[in-house]
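Report on the following structure.
Throughout, read-outs are computed from the coordinates displayed, never taken from laboratory work. Since the model is a prediction, treat every value here as computed from it, not as a measurement. Here the Cβ positions follow ideal geometry from the backbone for every residue, glycine too, while neighbour counts run over all protein chains shown.
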Amino acid sequence: MTPFDSFHRDVMPSPTATPNLSPIYTKDPVQIKVVKNGKLFTVGEGEDQFLIAHVWGTPYDMGFAHGQLVSDKAVRMMDAVWKYLEDQIVQAVNGTVDIFKPWFLRDVANIGLDAALDLELDVTREFTGKYFFEEAQGLADGSGVDLKRILRIHMIGEFTKGSCSMLGAWGTANSLIQLRTLDWSVDGPFKDFPQVTVYHPINDGKNGQDFANFGWTGWIGSITGMNSQRMAISEIGVSFPDETFGKESRFGVPFTFILRDILQFDKTLDDAINRLSNAKRTCDLILGVGDGKSRQFRSVEYSGEVAYFFDDKNLRPDAYWHPKIDNVVYHGMDWNCPAYNDVMARQLTKYHGNITAESIIRDVVPIVQTGDLLVSVYDLTNNFAYIANARASFEGGAPFAYQR
């Protein structure tokens, strides 16, 4: 599979999957660089490390500091993603892979890749926060990456297909544990540029609160992350919806920006529910939002037409392979995906009453085999996050994040 591959619902987890017995790394990050409005750290040892960037100020200030801190890596990351995207487009047009939404391929065929991405930027611009464009300009100025390339690459989520998994589990121990796995394959460039970016916006009443974005160097949309209000996000791309989803739309806020808005601006689960309910939505997704303050988690059936919110009592899809579990909300790989949901339900039932970050890392994600590229487990009660990234092209060890 490529990083943009769709997931086939008939694929099954291997029955010989084994637990992940790797130790959890707990040492403090090491500071390696300081600029005005920014500090850069590494965490890990040897070749198995990732970056943590802290940035402060206005959207432009934070983008500029981000660019200064990781300028060479940002250039390499954006160039590598662009080349990979071009290669995948060629294969898709030739019919050798099925990874892009049909309307996007029609646009590419008619007007070319650059123009197709610019069109997507145009039709979503009015729904996108101004901070994104200001921060992108700062990132371009600080790193030397072409601004148009940054903007175009951030449209990837709207026109590709992907698969992921999520869960939220709470109980009598005053706890809320949340999972987000990212199942893009590990053949592309993302695995070589893992980074956590921690934002500290200027306290002017307009730019929100502190939050952490888990992703890659130069990536300023959100697919994974948590904020200072002990809230976190999860997301699954839906390739196999049912009729309840209705229609998708191209005209709305890109999902990586609405998820970032939740992290940056929302203080409660109700805030996030209101945002998602009232937004101009686009593509078919399952979203997840957890709030450690209230110990609540909701998953969201999300499309251009609908936003339905689920807890453990009304969870959908309502199917024998997706049984309801008290105090747990979960989705494996897709909406209509019996094999992975069945295994996920089995593992969660096995540990019901003792679902911890450690048990998820050891005995849920490696047995379900979800999280090729990235695994994030949020302990929203204690305000911790556990992160694993896929093996980089220059590293040794197990290839998938769920094995590391």
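The residue list Arg295, Arg316, Arg346 contains one member that is on the phi > 0 side of the Ramachandran plot and either surrounded by fewer than 23 Cβ atoms within 10 Å (Cβ to Cβ) or in contact (Cβ under 8 Å) with a residue 40 or more places away in the chain (or both), which is Arg295. Here the stretch 162-209 is the region considered, the condition is being of a type in the set (Val, Ile, Thr) and touching a helix residue (DSSP H, G or I) at 6+ places or on another chain (Cβ under 8 Å), and the residue that is farthest from Arg404 (Cα to Cα) is Ile202.
Out of all the residues in the stretch 263-274, is one or more over 20 Å from the mean Cα position of the chain (by Cα), within 25 Å of Met333 (Cα to Cα) and part of a helix (DSSP H, G or I)? Looking for residues that are over 20 Å from the mean Cα position of the chain (by Cα), within 25 Å of Met333 (Cα to Cα) and part of a helix (DSSP H, G or I), one finds none in the stretch 263-274, hence no. Counting only strands (runs of 3 or more DSSP E) that sit completely within the stretch 133-241, those holding 2 or more residues that are within 18 Å of Gln68 (Cα to Cα) and of a type in the set (A, V, I, L, M) correspond to 194-201.
For the stretch 276-284, does any single residue satisfy the condition of being among the hydroxyl-bearing types (Ser, Thr, Tyr), touching a His at 6+ places or on another chain (Cβ under 7 Å) and over 30 Å from Ala80 (Cβ atoms)? Looking for residues that are among the hydroxyl-bearing types (Ser, Thr, Tyr), touching a His at 6+ places or on another chain (Cβ under 7 Å) and over 30 Å from Ala80 (Cβ atoms), one finds none in the stretch 276-284, hence no. Per the conditions (1) surrounded by 16 or more Cβ atoms within 10 Å (Cβ to Cβ); (2) free of Cβ contacts under 8 Å to residues at least 60 places away in the same chain, the sole criterion not satisfied by Gly112 is (1).
The lone criterion from (1) without any contact (Cβ under 8 Å) to a residue 12 or more places away in the chain; (2) of a type outside the set (A, V, I, L, M, F, W, C); (3) within 18 Å of Val300 (Cβ to Cβ) left unmet by Gly332 is number (1).
Answer yes or no: is there a residue in the stretch 254-267 that is touching a Cys at 6+ places or on another chain (Cβ under 8 Å) and of a type outside the set (A, V, I, L, M). Checking the stretch 254-267: at least one residue is touching a Cys at 6+ places or on another chain (Cβ under 8 Å) and of a type outside the set (A, V, I, L, M).
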